[in-house]
Amino acid sequence: MTNYLVDFFAQISPELATLLIAMLPIAELRGAIPMAVGVYHLSPLAAYFLAVIGNIIPVIFILWLIDPISGFLMKKVKLCRRFFSWLFERTRANHSHKFEKWGALALITFVAIPLPMTGGWTGALAAFVFGIPFKKALPLISLGIMIAGVIVLGMSLGIAEALTW
């Protein structure tokens, strides 16, 4: 599988590869920016914008489609209904006080911190679980992605500079 991905990304332009890597659920821009700067030698500005755009694209689709898909599954599949009910109750019970206290800043911060299991994909899922509407969630998550991009770009440039010493 890894060889397939390496071969696939070797056959396309660095710009498209950066955009596609940023769209992947685990890599997101946290993987795309270091690749763009360190491997593809794109300019920092190009790496940043391509990665941010690539990271926002799947968020739009997740926010747009997750509610109708989960609603359909909850109506048609008893196991899905039980799972989503459990997920919503558990997540809201464990984290709603944080969201109520911090509001929009909680979602922005959650997406902006470049750690595993945070980012645009997870932020979109969190927005869905907490019932944040699309028109509010998309700008908040996008802002978090842009902040994460600045952080990751700064780290990538610092690492690249350190390696050239």
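The values are calculated or read from the model by the stated rules, or taken from the named source; none is laboratory data. Remember, predicted model here, so these are calculated numbers, not experimental data. For neighbour counting, all protein chains shown are included, and Cβ atoms are generated from backbone atoms with ideal geometry for every residue, glycine included.
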Do the conditions hold for ALA32, that is, is it closer than 26 Å to VAL152 by Cα, crowded, with 16+ Cβ neighbours inside 10 Å and within 20 Å of the chain's Cα centre (by Cα)?
yes
Checking the conditions here, which among ALA46, ALA27, ALA10, ALA22 is among the aliphatic types (A, V, I, L, M), surrounded by 15 or more Cβ atoms within 10 Å (Cβ to Cβ) and at pLDDT below 95?
ALA27
The range 115-147 - residue that is among the β-branched types (Val, Ile, Thr) and in contact (Cβ under 8 Å) with a residue 60 or more places away in the chain and, of those, surrounded by the fewest Cβ atoms within 10 Å (Cβ to Cβ)
ILE145
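Does PHE61 fit the bill of being closer than 23 Å to LEU16 by Cα and among the aromatic types (Phe, Trp, Tyr)?
yes
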